[in-house]
Every structure is written in structure tokens, then in C-alpha cells.
Amino acid sequence: IDELNLDFVPDIVGISAIFNSQISYLHLISEYCKQIWPELLVTAGGGGPSNLSQEVFDMAPSVDTIAKGEAERPFLHLIEATDRISFLESSNVWKTRKGLKEGKEYRVDFIEDLDEIPFLKYDLLESNRNLEDGSGKTSQESDIFHNRNLSYVKEGARAASMMTSRGCPFYCSFCATHTIHGRKMRYHSVERVVEDALRLKNEFGVNALLFEDDLF
């Protein structure tokens, strides 16, 4: 950590753990973040933290708050808050240690019209900028769309994941997706799906789409 030369100080860091089996790394990442930026607000989200919130707080003392379910709208509200600590304690979407101890009831804050979600800003990612800045890195080292380790796409494919819907109306005993996305189906419009696919192809050279929908 002492050898890092960071020229920026973030206000908030978000750490995602989609599955329960991934929550173990939350402790390590959050501890490093707090050591580098002591005043940082560390947030966590995804299926693991949403459903095992107390366990995450116990194992990762540097995690300050956990978003329940989908977090696009909750994260926007957190960023816009003038007093973020007071906002978190008053929120019924952002879980805190105090709130859980008091038995507070939490809910999810869904975006009903998925087309409201902007196209992902892949061009902001460091790995993608390396392709354009003459850094000398190979495409396999720097290109987020180069999936050479995925067995279900052809070698050399430029693949991108897409989700065209959220939610699941079924009651499978082994699955917890409804705790994140709800039991009501929500969809991107066909026009939006086509637009996103064409942008991935034309702007980033993607030639393989990986649909991640729970109910494709």
C-alpha cells in the first residue's frame, strides 16, 4: 500500500459480491480501501451482501453500508445526499449496523422502466482506454471484451454480457434471485436491446453477446 501513488481521493467505493460464495473478499478489499483512504465511505451490494448483511458486517468491519437489491437508484440518492451518514441511517434501502440492530425493515427500490438506465460507459474503464493510449499492453491484457478464458465463446471473440430483463415470477427453492430483482418481470424494449447491441458492435467491435437474463 505504501508504494501506491494515487493522485485521487474517492468519496465512495462500491464493492459487489453477486453470490454468497464471493463475500469472503469483501473484508480484504474494504480493509485496503480504508487504509488508503481513511475517510472513505465503503458500500457493498449484490446477492451476497443483500441476503447475508449481518454476516458481511461481522466479517468486514470496514464496510459501512449495504444496498438491498438493485442499487442504481439508491446509489444515485446516496451520491446526491448532502449529509451521507444521516441519509444512510434514515434510508430504508441502505442497510447499516445500527439499523439491523434495531430491527429496521428494509425494502428494494426498483427501476420499473429499464430503458431509463443509461448505456454503460465502457469508455471510462482504464482497461479499454489502454487500447487507445499507446501503452504497449497487449489486447489480452487490457481489453475488457477479450474473453479468452470463456469456454462457451470462440477463441478470439470479443464478447459482452447483456441483460434484457429482470425479475422472476417462480418459486424455485434453490434460488434467491427474487430477493434482488423481485417476482415481477421487467423488460428493456426491443428497440433498446437492438440499440445497445449495435453500439457494442460499432463502438467496441463486440461480435459475441452473452445474455445473462435469469429467464431468457
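The values are calculated or read from the model by the stated rules, or taken from the named source; none is laboratory data. This one's a predicted model, so the numbers in the text were calculated from it and none came from an experiment. Cβ: placed from backbone, ideal geometry, glycine included. Neighbour counts: every protein chain shown. Remember, those area values only see protein heavy atoms, side chains included, never the ligands or the DNA or RNA. Shrake-Rupley method; radii C 1.70, N 1.55, O 1.52, S 1.80 Å.
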The lone condition Phe19 fails out of (1) crowded, with 17+ Cβ neighbours inside 10 Å; (2) within 21 Å of Tyr106 (Cα to Cα) is (1)
The residue from Ser53, Ser16 that alone is farther than 22 Å from Gly103 by Cβ and of a type in the set (Ser, Thr, Tyr) is Ser16
Quick check on Ser165: is it under 28 Å from Ala44 (Cβ atoms), at pLDDT below 90, in contact with an Asp or Glu (Cβ under 9 Å, 6 or more places away or on another chain) and buried (at least 16 other Cβ atoms within 10 Å of the Cβ)? no
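Quick check on this structure: which one of Glu191, Glu195, Glu112, Glu132 is modelled with pLDDT under 80, open to solvent by 60 Å² or more (accessible area, probe 1.4 Å) and outside any strand (DSSP E or B)? Give the steps one after another, and end with the answer.
Numbers: Glu191 fails: modelled with pLDDT under 80; Glu195 fails: modelled with pLDDT under 80; Glu112 fails: modelled with pLDDT under 80.
It is Glu132.
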TODO: May I ask you to verify whether Ser30 is surrounded by fewer than 18 Cβ atoms within 10 Å (Cβ to Cβ) and among the small types (Gly, Ala, Ser)?
DONE: no
Scanning for something modelled with pLDDT of 95 or more, touching a Gly at 6+ places or on another chain (Cβ under 8 Å) and in a helix (DSSP H, G or I), does segment 56-69 turn up at least one residue? yes
